[in-house]
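Take a look at the structure set out below.
The values are calculated or read from the model by the stated rules, or taken from the named source; none is laboratory data. What you see is a predicted model, and the numbers here were worked out from it, not measured in a lab. Cβ coordinates were reconstructed from backbone atoms using ideal geometry, including for glycine residues, and neighbour counts include every protein chain displayed.
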Amino acid sequence: MREPPDYRSELTIVGRAGREGLIGIAALIGLAVIPLFHNSYWLSQLTFVAIYAIAGFGLQILLGFAGQVSLGQAAFLASGAYACSYVERLGFGSPAGFAAAIIVSTGLGLLVALPALRMAGLYLGIATMSFGFIIEEVAARWTSVTGGNAGTVVAAIKVGGVSLGQPWQIYYLSWFMCLIVLLLSYNLLRTPTGRAMLAIRDSEIAARSSGVRVARTKGIAFGLSAAFAGLAGALYSHALGFISPEQFTISMSLDLLVMILVGGLGTLRGVLFGSIFLVVSPELMQAVLGLFTSGNTELPGLRPFLFGASLILVLLFQPDGIDAIVTRAGAWLVRYGASLRRR
């Protein structure tokens, strides 16, 4: 007689253990010791990997899980960055600033969710892109809050009178926040709301016929996506120490979209792979070019060319992204190791 299924794993925080758990522990140990061996430049680059991953998790929930196209994610990063900076300038401290970033961005995300109830696909993408243009213009004009096109300097993070302005401190804080957002996103998929998002992505009509509350689920997807982007924006502003409207353009939204597609649509690991690609690949390409050229090797068009070419190659030859390549490589290594043990 078959035993009834055990659903207790659905109530745990991180799901099943095993090989993936060991890899995760090894990755955490590696991230913890990196500041001991790397210089401040690469430490800042790895900090941006974590920050972009946080924003990417939000976009993955919206696009990869709920199937809602967004070309305005940079607007939510901008709202989080400016809200956090403004609250800190008022003297309320960094915890209040981060809370304000999340609240303001979530509110804007719920506002953007309203047209999503009547739009889909390309039309929704255009609507969210228009919202991004609006936020960019507001940031440029509302000088008393944002500093306008001249930008504004962001002070160091302060918690309980302790300043967290060193690169290694921002690095640890960013990766700690990234881990929390990853756990929240991972467990979202195992809730009724997460499964409702997947149902809407696969077929909105079928989901509605099955009793899924489509409007509520889309609102949650937009709200969570914006909240994570707002948190990323707050961290982004402190990592740079300076923000201006030119940093939060449609180009940033497209970079996040390319990051999701190259990493792997619908997978959380793909977000991490895509974030690494977004930050590290231009540096690696610049270093490779430096081996074959002399003098100034700065190429202004390198980044968009690299991202565009990578996106075309992924769509043509590997639509499932880097995550699928890593998964297949891992399975091959397991089979190869098993064959060696049998010999």
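Note on segment 163-199: residues that are within 23 Å of residue 35 (Cα to Cα) and outside any strand (DSSP E or B) amount to 18.
Looking across segment 97-127, the residues that are hydroxyl-bearing (Ser, Thr, Tyr) and in contact (Cβ under 8 Å) with a residue 60 or more places away in the chain come down to 105, 106. Exactly one residue out of 131, 176 is within 22 Å of the chain's Cα centre (by Cα), among the hydrophobic types (A, V, I, L, M, F, W, C) and surrounded by 14 or more Cβ atoms within 10 Å (Cβ to Cβ), and it is 131.
Can you find, within segment 200-212, the residue that is farthest from the chain's Cα centre (by Cα) among those that are in a helix (DSSP H, G or I) and surrounded by 15 or more Cβ atoms within 10 Å (Cβ to Cβ)? So, considering only residues that are in a helix (DSSP H, G or I) and surrounded by 15 or more Cβ atoms within 10 Å (Cβ to Cβ), the one farthest from the chain's Cα centre (by Cα) is 207. The requirement of being crowded, with 19+ Cβ neighbours inside 10 Å, modelled with pLDDT under 90 and part of a helix (DSSP H, G or I) is fulfilled somewhere in segment 139-150, by at least one residue.
For segment 74-120, the set of residues classified as among the polar types (S, T, N, Q) and either within 16 Å of residue 51 (Cβ to Cβ) or not in a helix (DSSP H, G or I) (or both) consists of 79, 85, 94, 105, listed by residue number.
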